[in-house]
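Have a look at the structure below, then the notes.
The values are calculated or read from the model by the stated rules, or taken from the named source; none is laboratory data. Source: prediction; values computed, not measured. A quick note on method: Cβ atoms are made from the backbone with ideal geometry, for glycine too, and the neighbour counts reach across all protein chains shown. Only protein heavy atoms, including side chains, enter the accessible area calculation; ligands, DNA and RNA are left aside. Shrake-Rupley method; radii C 1.70, N 1.55, O 1.52, S 1.80 Å.
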Amino acid sequence: MQIKSIKLLPVRLTFKQPFVSAHETLTTRDLVIVEVLDEYGNQGLGELDAFVNPYYNAETLTTASWIIKQILAPKIKDLEFQKPQEISNCWQNVRGNNLAKAALETAIWAAFAQRQHQPLRQVLAQAAGVNSRTHIRTGISLGINNLAQTQAAMSQALELGYQKIKLKVHGNKDLPKIAQLRQQFPQAPLMIDANGSLQNTDTLAATIDDLNLLMIEDPFASSDLRAAQKLQNQMQTPICFDEPITSVEAALNALAFHQCRIISCKIGALGGFGPLIQLIKAQQKFHFPLWCGAMLEGGIGRALNLAAASLETFAFVSDIGETRKYYQKDLTLETFQLHHGCFQLPTTFGLGVSLLPQYQAQLAQTPSLI
């Protein structure tokens, strides 16, 4: 297999309502569509999901796009390979920049799946040595607004059949709101994501345990691992690491030192499907709870996430919302809608979704990087 064309197309999606997290409040989501073509014209689509500002991750759309253009794409020009896993060998001396790597690497996997006349999820399942589901249950991630709005959003999500609700919190001041919501929804499968915004206090462990959560994600800054270890030892609620998980080694170290009990893996944060498969193999060996997270992706990223989340290895459902949930208009012709709390995954070859004509037309006019 050879990659003969690599194109990048910046796009902007508009949220239906502002998305609020501890990092920032977003009204629009800037993304970059990645297209690759192999020597036979098989198309693979990826999505660069870095943010405009370096609040969630050190990478930004500007820096990650530059890395793809100037570093990653030239390294695979004229490269011949049998499997997408080989691509990472070309990038071994490129430190970090996992979002940039993932954007290009996942597009190559999608092209490879089309070349193999298989859905992407089946190609990933074969590489990981696990089975793939055709229907998957999912959860949803909600920004926390005022109490009435959040109650309404949770009610709607539960009525639609979402199997897990993740609420974003911004500091200790939001924990009383979560307590009120828990009273309103005593049986809801609820978790919270602090995005590193909490302050450790003498009562924090008890306060969190009283909320009866599935887990709490990233209570403290990624660099404050000792605080996470101390809190986990004080409470029953499992801590889930998301932002600190940038490699298999980071996940295994966090578990070994009892800094968390659950791992959330994101394709972009890990650097692509290759590292995700390595993490799944580690999970099969060490048997820790693992689930597949999301990053407010557009339609391409959503399809990539669903292919990963279909693998029968995850202990918890993902937080991949319906196509209609976040954006006024998304990227793809095909949409994903819940039926009885489940998504049906594509059965067509490759990624299983195609770009809206306007984006495909723009890509056609975009020069290749190689």
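Summary table below
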| item | result |
| --- | --- |
| Where a residue in segment 84-98 is free of Cβ contacts under 8 Å to residues at least 40 places away in the same chain and in a helix (DSSP H, G or I) and its partner, wherever it lies, is of a type outside the set (Lys, Arg) and surrounded by 13 or more Cβ atoms within 10 Å (Cβ to Cβ), with Cβ under 8 Å and at least six apart | 90/76; 90/79 |
| Whichever residue in segment 325-349 is in contact (Cβ under 8 Å) with a residue 60 or more places away in the chain and polar (S, T, N, Q) and, among such residues, is least open to solvent (accessible area, probe 1.4 Å) | 348 |
| Unmet criterion (only one of (1) in contact with a helix residue (DSSP H, G or I) (Cβ under 9 Å, 6 or more places away or on another chain); (2) open to solvent by less than 50 Å² (accessible area, probe 1.4 Å)) for residue 227 | (1) |
| Filter result (at pLDDT 95 or above and part of a strand (DSSP E or B)) within segment 233-285 | 239, 240, 241, 262, 263, 264 |
| Residue that is nearest to residue 258 (Cα to Cα), among those in segment 307-321 that are at pLDDT below 95, touching a Ser or Thr at 6+ places or on another chain (Cβ under 8 Å) and not small (Gly, Ala, Ser) | 317 |
| Any chance residue 318 is under 20 Å from residue 45 (Cβ atoms), open to solvent by 20 Å² or more (accessible area, probe 1.4 Å) and of a type outside the set (Phe, Trp, Tyr) | no |
| Unmet requirement for residue 97, which otherwise passes all of (1) on the phi > 0 side of the Ramachandran plot; (2) among the polar types (S, T, N, Q); (3) touching a strand residue (DSSP E or B) at 6+ places or on another chain (Cβ under 9 Å) | (3) |
| Selected residue (only one of 329, 325 is basic (Lys, Arg) and within 25 Å of residue 190 (Cα to Cα)) | 325 |
| Filtered residues of segment 291-315 (kept if closer than 16 Å to residue 164 by Cβ, open to solvent by 10 Å² or more (accessible area, probe 1.4 Å) and within 12 Å of the chain's Cα centre (by Cα)) | 294, 309 |
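One line per residue, one yes/no per condition, for (1) open to solvent by less than 10 Å² (accessible area, probe 1.4 Å); (2) acidic (Asp, Glu); (3) in contact (Cβ under 8 Å) with a residue 12 or more places away in the chain; (4) within 21 Å of residue 171 (Cα to Cα):
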position	(1), (2), (3), (4)
214	no, no, yes, yes
222	no, no, yes, yes
232	yes, no, yes, yes
235	yes, no, yes, yes
239	yes, no, yes, yes
254	yes, no, yes, no
268	no, no, yes, no
273	yes, no, yes, no
289	no, no, yes, no
